[in-house]
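Notes follow the structure.
None of the figures in this text is laboratory data; all of them are computed from the coordinates on show. The structure displayed is predicted, hence computed values, not measured ones. Methodologically, a virtual Cβ is constructed for each residue, glycine included, from the backbone with ideal geometry; neighbour enumeration extends over all protein chains shown.
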Amino acid sequence: MTASLIKPTRDRWDAFVAAQSRAHFLQLWGWGEQKRAYGWEVERVALEQDERMVACAQILFRSLPLRSGTMAYLAMGPVQAEGLAEDARREFWRAIHDTVRGRRAAFLKWEPGVYPADQAPDCAALGFRPSPQTVQPPRTIMIDIGGDEEAILARMNQGTRRKIRQSQKNGIRYSQATKDDVHKFTDMMAVTGSRNEFGVHEPAYYALAYDLFVPDHGAIFLAEHEDDLLAGIFVFAAGSTAWYVYGASSNVKRNLMGSYGVQWEAIRWAKARGCTTYDMWGIPDEDEATLEAAFEQRDDGLWGVYGFKRGWGGQVIRSVGAWDHVYNPLVYKAYDLVLHARA
């Protein structure tokens with residue numbers, strides 16, 4: 001069977017990604033356009049076999065500090081069809097490396113994502129070295145949203161179930177945001193960032209993400225009470241998985257538990273579209289025993305959200321982490337020195 005590189009349309013690309021068992025929203029076409037608007041460059045590599053698309057990889061590029069060169073970044077890919085032959089896999093990796101070298105990148109940072117232990121790629125055998133610098137949070141909580149709603153609720157801890165039920169009382173309105181509502185979400189993001197002392201994107205960033213992902217692969221859910229905004233979340237979906245990526249809440253009426261209500265609405269939305277897994281997307285990179293021992297005393301970084309995320313009945317999982325394939329050792333060494341200097 002002859003394989004060849006192709007340049008698919010956006011529709012064909014997204015249809016292929018969404019149909020695979022390892023579909024991920026960071027490999028959807030829209031994510032490349034999102035990052036292109038904020039300083040990254042994008043290359044897309046796709047392989048066809050017998051007129052059928054069988055593999056794709058969306059690769060991002062950006063300049064390194066001090067104008068020392070360029071890095072390439074491959075997140076949660078490549079996306080490959082089940083049963084793809086080993087020779088086709090090797091050919092596809094050659095195409096990825098040729099693409100990266102063609103952009104004169106000093107190295108390719110690869111974050112393969114979450115795998116069962118016995119199915120993880122052998123990154124070292126593919127020429128990659130472990131990297132201490134991750135781009136995406138390496139540890140997360142995965143919620144099984146199979147079964148009916150009562151089964152999903154039964155997996156949660158008692159406190160979370162109680163707060164979900166409380167969030168469904170007192171006249172709170174839950175809705176999917178329209179384009180005209182996006183400003184409500186971005187206003188709350190600014191409030192959340194200020195209150196919790198973490199960085200948030202400018203409003204235009206979330207508005208662009210809405211345009212690129214909603215309704216096919218995303219939704220914003222809002223909780224409102226009387227004339228007050230309470231909470232909102234931005235959730236993405238591809239294939240059988242949904243991801244809770246951005247969350248916001250106001251400083252008023254927090255006792256009404258609107259943050260729990262919008263999360264439950266997003267889980268119901270994900271289940272209705274056929275998802276079986278809901279990824280809470282980012283917790284501190286510590287083992288579960290450390291997480292449980294420390295979460296009540298810490299609120300820095302991702303610790304501030306772990307206490308909320310732990311109650312939804314999911315499993316703590318660590319991804320394969322970050323790996324670097326080096327093409328220019330001198331530039332890579334300089335990059336590594338800068339990272340250590342900042343640590």
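Listed values, structure above:
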read-out	value
Candidates per GluC sites (Glu not before Pro) in the range 251-343, loop by DSSP, up to 11 other Cβ within 10 Å	296
Against the rule of thumb 2.2 N^0.38 Å, how large the Cα Rg of the chain comes out	1.03
Compactness of the range 51-195 as Cα Rg over 2.2 N^0.38 Å, two decimals	1.49
Alpha carbon centroid spacing (whole Å) that separates the range 162-187 from the range 264-303	20
Per-residue [θ]222 nm for the chain (sum of -39500 (n - 2.57) over DSSP H runs n ≥ 4, rounded to 500)	-10500 deg cm²/dmol
Vicinal HN-Hα couplings computed from phi for the range 66-79 (Karplus, 6.51 cos²θ - 1.76 cosθ + 1.60; Hz; Gly/Pro x)	6, 6, 7, x, 10, 10, 10, 9, 10, 10, 6, x, x, 9
DSSP beta bridges in the chain [antiparallel fraction, %, rounded to 5]	85
Alpha-carbon centroid distance for the pair the range 1-66 / the range 88-103, whole angstrom	13
Low-density loop cleavage sites - GluC sites (Glu not before Pro) in the range 141-228, where at most 12 other Cβ are within 10 Å (DSSP)	197, 226
Simple label model, 7 Å out from Cα along Cβ direction - residue 42 to residue 63, nm	2.1
Total formal charge among the other residues, if their Cβ is under 15 angstrom from that of residue 228, Lys/Arg +1 and Asp/Glu -1	-1
Rg to Rh quotient for the range 139-318, alpha carbon positions, Kirkwood Rh	0.93
Dipole magnitude of the chain, debye to nearest 20 (Cβ charges: Lys/Arg +1, Asp/Glu -1, about Cα centre)	440
Filtered GluC sites (Glu not before Pro), the range 1-71: DSSP coil and at most 12 other beta carbons within 10 Å	51
